[in-house]
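Below you'll find the structure I mean.
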Amino acid sequence: MTRSLLIAGALMLSACGLRPMYAGGESGVAATSLRSIQVQAIPGKAGWLMHKALVQRLGEPGSEAAYRLEVELDDNITGFGIRGDSAATRERRTLRARYRLVDLANGTVVLDATAGSDAGIDVVSSQYATVAAEQTALERLSEVVADQMVSRLGLYVIRTHGAR
């Protein structure tokens, strides 16, 4: 009985039209299209971290670049949880990215989107520990936002190049 339910469930799932985004592995449409994206330099420390995270996920396009990814970051730390002496006991670090995918063949923007995340940071008596926590939060946020961006870029390339 359970075996027949599993088989029926598998057949229904295959009929719903869902396809794996990264079908074909390294030579699939998504992977090859994502490798054709050149990540433009992003200013600042947060920009360097974001650029590094994006290049790790997308790969280096070399001379075969078909797109340019332009990224603008907004990195903000806000203190809250104020004590009686007006010192913050918590901070929130927010990293937002507005990114545009530009087709290099004609210079048009084919995707304009945003991504973002935030992290809470405890403010402790050691200033060094607080600065280290802020840095760790920035590194983590860069990874999370880069993942969001690559997922959205993957959806774009599958929708536009998947019919080939």
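Of all the residues that make up region 77-91, how many are part of a strand (DSSP E or B) and farther than 16 Å from E139 by Cβ?
Of region 77-91, the ones part of a strand (DSSP E or B) are 77-82, 88-91.
Among the residues that remain, those that are also farther than 16 Å from E139 by Cβ are: 78-82, 88-90.
Number of matching residues: 8.
Please verify whether V55 is within 21 Å of L34 (Cα to Cα), of a type in the set (A, V, I, L, M), in contact (Cβ under 8 Å) with a residue 24 or more places away in the chain and not in a strand (DSSP E or B), treating the condition exactly as stated.
In short, no.
Has region 4-23 got any residue that is under 21 Å from the mean Cα position of the chain (by Cα), modelled with pLDDT of 70 or more and aromatic (F, W, Y)?
No, region 4-23 contains no residue that is under 21 Å from the mean Cα position of the chain (by Cα), modelled with pLDDT of 70 or more and aromatic (F, W, Y).
Could you check, for region 153-162, whether at least one of its residues is hydrophobic (A, V, I, L, M, F, W, C), over 25 Å from K45 (Cα atoms), touching a Ser or Thr at 6+ places or on another chain (Cβ under 9 Å) and not in a strand (DSSP E or B)? Spell out the reasoning first.
Kept after step one, since they are hydrophobic (A, V, I, L, M, F, W, C), are these residues of region 153-162: 153, 155, 157-158.
Still in the running and over 25 Å from K45 (Cα atoms): 155, 157-158.
Still in the running and touching a Ser or Thr at 6+ places or on another chain (Cβ under 9 Å): 157-158.
Narrowing further to those that are not in a strand (DSSP E or B): 157-158.
Yes, region 153-162 has at least one match.
Sort out which residues of region 121-139 are within 25 Å of I82 (Cβ to Cβ) and within 19 Å of the chain's Cα centre (by Cα), and write them in order of number. Quick ask: steps written out before the conclusion?
The first filter runs over region 121-139 and keeps only residues within 25 Å of I82 (Cβ to Cβ), leaving 121-138.
Result: Q135, T136, A137, L138.
Let me ask something else. What is the residue count in region 33-73 for residues that are in contact with a His (Cβ under 7 Å, 6 or more places away or on another chain) and closer than 18 Å to V157 by Cβ? Please lay out each step first, then the result.
Restricting attention to region 33-73, the residues satisfying the condition of being in contact with a His (Cβ under 7 Å, 6 or more places away or on another chain) are 33, 39, 41-42.
Applying the additional criterion that residues be closer than 18 Å to V157 by Cβ yields 33, 39.
Residues that pass the stated criteria total 2.
Considering each of E64, E91 in turn, give the residue that is more than 13 Å from the chain's Cα centre (by Cα) and surrounded by 18 or more Cβ atoms within 10 Å (Cβ to Cβ). Reasoning before the result, please.
Values: E64 fails: surrounded by 18 or more Cβ atoms within 10 Å (Cβ to Cβ).
Step by step, each of E64, E91 is checked, and only E91 is more than 13 Å from the chain's Cα centre (by Cα) and surrounded by 18 or more Cβ atoms within 10 Å (Cβ to Cβ).
Being assigned to a helix (DSSP H, G or I), under 18 Å from V55 (Cα atoms) and touching a Ser or Thr at 6+ places or on another chain (Cβ under 9 Å) is true for just one of V150, V145, V102. Which residue is that?
Details: V150 fails: touching a Ser or Thr at 6+ places or on another chain (Cβ under 9 Å); V102 fails: assigned to a helix (DSSP H, G or I).
Exactly one residue qualifies, and that residue is V145.
The values are calculated or read from the model by the stated rules, or taken from the named source; none is laboratory data. In this text the structure is predicted, and so the values were computed from the model without any measurement. A quick note on method: Cβ atoms are made from the backbone with ideal geometry, for glycine too, and the neighbour counts reach across all protein chains shown.
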